[in-house]
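> There's a structure below that I have some questions on.
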Amino acid sequence: MEVRKTEEKLSVSSSLSSSWSLSLSSSSSCSSSYCSSMGENHEDRSSKSGRRMRFIDFLRDNEWEWKLAEKRFDELCWICAGNEPAIKSSSFPFCIVGMSESQEFAYQLLRALRRRKNWKIDITKSEFHILWCHFTHSNATTTLFHLCDRNMDGKVTENDIKQMIMLTACTNKLSVTHEEGEDYAALVMEELDEEKQGYLELHQFEKLFKISSSKVVSPLNKRSSNKHIWRSHDSFQESIYEAEILLRSRWRRAWMMALWLIICLALFTWKFIQYRQRKAFEVLGYCLSIAKGAAETLKFNMALVLLPVCRNTITWLRRNSSLNSVIPFNDNVNFHKLVAGGIVAGVILHGGTHLVCDFPRISGCEKSIFKKTIAAQFNYHQPSYVEILATTESLTGIIMVILMFIAFLLATKWPRRKSPSLPRSIQQVTGYNTFWYSHHLFIFVYALLIVHSLFLFLTDKTTEKTTWMYIAVPVLLYTGERIFRAIRSCLYEVNVLKARTYSGKVLFLKLSKPERFKYQSGMYVLIQCPQISPFEWHPYSLTSAPQDSHLSVHIRNLGDWSYELYSLFHEGIFPSKNYPKIFIDGPYGAASQDHVKYNNVVLIGLGIGATPFMSVVKDIVIRFTENSDRRRDSGKGNQSTSKTYLYWVTREQCSFDWFKDFMNDLTFTYQTQLAVEMHNFLTSVYHEGDVRSVLIRAIQALHYTRRGIDIVSKTPVQTHFGRPNWVKIFSSLAQRHVGERIGVFYCGPLALARELEGLCTKFSTKTSTRFVFHKENY
């Protein structure tokens with residue numbers, strides 16, 4: 001039979017594979033006894049090392065794993081000369097789920113398992129089953145030794161170790177230079193080759209993992225049991241506790257939303273009843289009452305929607321501890337969106353009722369009833385439907401609806417973030433810039449709203465034309481803020497002291513600090529670059545501490561404006577550091593600055609979401625050091641009960657370069673580590689126990705133990721591999737801080753925010769530790 005390529009074999013029909021499985025049952029059963037005996041032989045060694053090889057993180061049933069591998073084999077195999085199904089050695093990685101993305105490592109694994117020079121020959125199914133038993137029952141240390149032992153002489157040289165380090169680093173998407181690989185290999189030989197033989201044997205090689213397992217800090221992504229910290233109570237008590245926790249954590253949002261709904265309902269009811277008693281009710285019925293009730297809520301919401309975006313006012317108000325304790329200022333953006341939703345509902349109800357119900361009834365009612373009721377409001381001329389639409393009231397209303405529809409549509413998630421799921425033709429006219437400029441259509445909307453309110457249907461009394469009363473103060477306040485921001489930004493003398501671009505399209509800017517510019521850690525500023533646009537201002541968290549003599553920001557290329565700014569600094573050559581002009585405005589309050597309310601703080605940042613927490617950590621370290629010095633000078637000792645935990649999760653190793661200087665600048669003394677505990681997580685590396693990551697973990701642990709520097713982040717902060725096990729982390733925190741309050745601050749995607757908030761509720765309910773969740777909103 002003709003040998004087909006791997007890509008062609010992936011589409012082999014299931015009928016062929018089923019027929020082959022019948023002829024193969026005997027060969028599989030023959031090797032099953034070998035597999036079981038092999039498992040017994042390796043049981044003791046595996047239990048001692050605790051390192052059983054695995055490649056499939058989401059499967060734990062060995063029998064099911066084999067069936068899945070067997071199915072893949074059947075899809076790729078062909079009939080060899082001995083009438084037994086076989087695959088080419090190049091197809092080996094595609095038979096095991098999770099190995100197709102590590103093909104080079106799989107080929108080296110096959111070489112190590114076969115232990116012969118002609119390891120590239122075809123693999124029969126009986127041999128494949130034996131190989132399967134080998135790497136599912138062997139311990140990872142022995143297999144790694146064979147992987148390093150390229151000459152198959154039972155000896156591993158420094159060069160062998162280096163090549164294996166380079167291979168595992170590439171497999172785990174880690175950047176390791178040849179010089180670093182040589183250094184790590186030399187460190188291993190220095191540690192294990194005590195007799196200076198120039199090579200390692202298996203018993204020496206195993207010491208590497210014993211050293212690393214005894215010295216390395218226990219990672220926070222293992223499974224763990226939480227039963228010993230749970231409070232015991234029945235399901236009814238648990239429901240009461242959960243309701244209590246939810247009430248305590250969300251009562252500020254709840255009462256604000258309830259107050260807003262009550263005011264809207266009260267205004268609607270007031271106008272509904274008022275117009276039910278008018279003569280026009282005889283012609284228009286409840287349609288008139290509904291339209292006028294909705295109009296009243298629209299006036300209120302059009303005024304209210306401006307208040308959450310008055311950044312300076314909110315920043316000033318949140319300084320008042322009494323107001324900050326009852327008003328959720330951190331949710332100002334969410335409240336702005338909520339009120340905007342109320343405006344949409346009001347427009348649909350008000351405009352829809354007029355167009356569908358009121359206008360047809362006015363133009364179609366009997367003339368006698370028209371003259372007796374509402375003729376005076378129309379100069380005793382009964383208008384047609386088209387004539388009503390041509391009036392000032394209708395035209396201004398229709399134009400406002402069109403402008404608001406454009407602004408609301410472009411403010412939604414997909415157009416604002418230029419989602420790839422949108423057609424390319426639409427992507428060209430979307431993005432943050434489009435959202436920003438389209439929102440300024442509301443200048444015309446508010447102007448038209450005033451005109452619209454002066455020419456109301458069925459209303460002649462000036463006292464009932466109250467739109468201006470609703471919107472006057474908010475419009476003046478917002479306008480005043482914009483003018484104040486423009487003046488203040490011009491007064492701030494800011495120069496770019498240093499600019500640097502990092503992998504991952506991140507721009508670092510070090511700015512001069514204006515006089516009288518005071519801020520708290522966790523705050524953000526608005527940045528403008530006139531060379532790109534003289535009108536656009538974008539919010540970015542400050543990564544510098546309040547005590548620093550400069551300001552710093554890290555800007556990731558996530559939109560059209562940030563792309564242009566990144567390109568400007570990345571591609572430009574500036575003689576004498578004559579950087580483009582930058583303006584700033586602020587500072588503005590954010591959720592992170594509330595960390596001062598808690599003795600114990602947990603900071604969780606995903607990717608670039610760690611930016612606001614760098615300022616917080618640096619501020620805490622500086623203040624802790626200063627307080628320790630004062631206590632030591634006064635003879636009071638260095639006791640401090642506060643603790644801060646930073647968990648930074650990223651998928652790319654290059655991300656650690658963003659804050660490498662920051663982490664190296666921190667003074668990681670023993671006293672500092674009592675106050676601040678930092679954890680980096682790199683999700684591109686395979687989980688613990690996977691043979692593809694065992695060696696790199698061992699090298700990392702050895703290097704950190706001997707030199708105090710992590711080989712991944714190149715900082716004193718050790719990196720954990722894989723995704724964090726948040727349940728274990730929260731369990732550990734609950735055990736450390738029994739009966740205490742912990743503020744949990746998060747900046748990142750919404751999906752994890754919901755999970756973390758749920759865990760805060762769960763652990764606050766089931767343990768005596770109270771977790772309070774906060775999320776950054778921009």
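> At a 1.4 Å probe, what is the % contribution of carbon and sulfur to the accessible area of region 471-583?
The computed percentage sits at 56.
> Summarise the accessible area of region 654-778 (1.4 Å probe, protein heavy atoms) by the percent that is carbon and sulfur.
So the carbon and sulfur contribution to the accessible surface is 49 percent.
> State, to one decimal in nm, how far the label point of S549 lies from the label point of T391, with both points 7 Å from Cα in the Cβ direction.
Here the answer is 7.0 nm between the modelled labels.
> Using packing as a proxy for protection, rank 338-344, 360-366, 478-484 so that the peptide with the highest average count of other Cβ atoms within 10 Å comes first.
338-344, 360-366, 478-484
> How large is the accessible surface per residue of region 695-743, computed with a 1.4 Å probe and reported in Å² as a whole number?
Result: 33 Å² per residue.
> With each label point set 7 Å from Cα along the Cα-Cβ vector, what nm distance links I262 and V309?
The two pseudo-label positions are separated by 2.8 nm.
> Determine ³J(HN,Hα), in whole Hz, for all residues of region 351-363 in sequence, where each value follows from phi through the Karplus function 6.51 cos²θ - 1.76 cosθ + 1.60 and θ = phi - 60°; x replaces Gly and Pro.
Working through the residues one at a time gives x, x, 5, 4, 6, 8, 10, 5, 4, x, 6, 5, 6 Hz.
> Determine, for each peptide in 680-686, 520-526, the mean count of other beta carbons within 10 angstrom over its residues, then list the peptides with the highest first.
Peptide ranking by packing, descending: 520-526, 680-686.
> Here is a further query. Accessible area per residue for region 122-174 in Å², computed with a 1.4 Å probe and the full protein assembly in place, what is it?
Here the per-residue accessible area is 30 Å².
> Heavy atoms only, probe 1.4 Å: what % of the accessible area of region 316-371 goes to carbon and sulfur, would you let me know?
Accessible surface attributable to carbon and sulfur in region 316-371 totals 65 percent.
> If I take R0 = 45 Å and measure r between the Cβ atoms of L491 and A254 in this structure, what FRET efficiency does the formula 1/(1 + (r/R0)^6) give, to the nearest 0.05?
Computed FRET efficiency for L491 and A254: 0.65.
> Here is a further query. Stretch R651-I273 to full length: gain in nm at 0.36 nm per residue minus the Cα-Cα span?
130.2 nm
> Where in region 283-332 are there chymotrypsin sites (Phe, Trp or Tyr not before Pro) that are in a DSSP coil and have at most 14 other Cβ atoms within 10 angstrom of their Cβ?
none
> Longer than 31 Å from Cα to Cα, which of K337/K643; K498/K643; K120/K196; K299/K513; K371/K461 are they? Say none if no pair is.
K337/K643; K498/K643; K120/K196; K299/K513
> Hey, another quick one. Report the extension gain between I450 and T705 in nm, rounded to one decimal, defined as 0.36 nm multiplied by the number of residues separating them, less their alpha carbon distance.
Length gained between I450 and T705: 84.7 nm.
> Here is a follow-up. Would you please give the FRET efficiency between E179 and L558, computed as 1/(1 + (r/R0)^6) with r the Cβ-Cβ distance and R0 = 41 Å, to the nearest 0.05? Kindly include the intermediate steps, with their values, before the conclusion.
On the way: r = 34 Å, r/R0 = 0.83.
Rounded to the nearest 0.05, the efficiency is 0.75.
> Taking only protein heavy atoms and a 1.4 Å probe, what accessible area per residue, in Å², does region 483-565 have with all protein chains in place? Kindly include the intermediate steps, with their values, before the conclusion.
Values: 3730 Å² over 83 residues.
Solvent-accessible surface per residue comes out at 45 Å².
> What is the distance in Å between the Cα centres of region 545-622 and region 173-197?
37 Å
> I want to check the label-to-label distance for H203 and R516. Put each point 7 Å from Cα in the C-beta direction and report it in nm to one decimal.
The modelled label-to-label distance comes out at 7.8 nm.
The values are calculated or read from the model by the stated rules, or taken from the named source; none is laboratory data. Since we're looking at a predicted model, the values are computed, not measured. Positions of Cβ are generated from backbone atoms using ideal geometry, with glycine treated the same way; all protein chains shown enter the neighbour counts. Side chains are part of the model used for accessible areas, which takes the heavy atoms of the whole protein and leaves out ligands, DNA and RNA. Shrake-Rupley method; radii C 1.70, N 1.55, O 1.52, S 1.80 Å.
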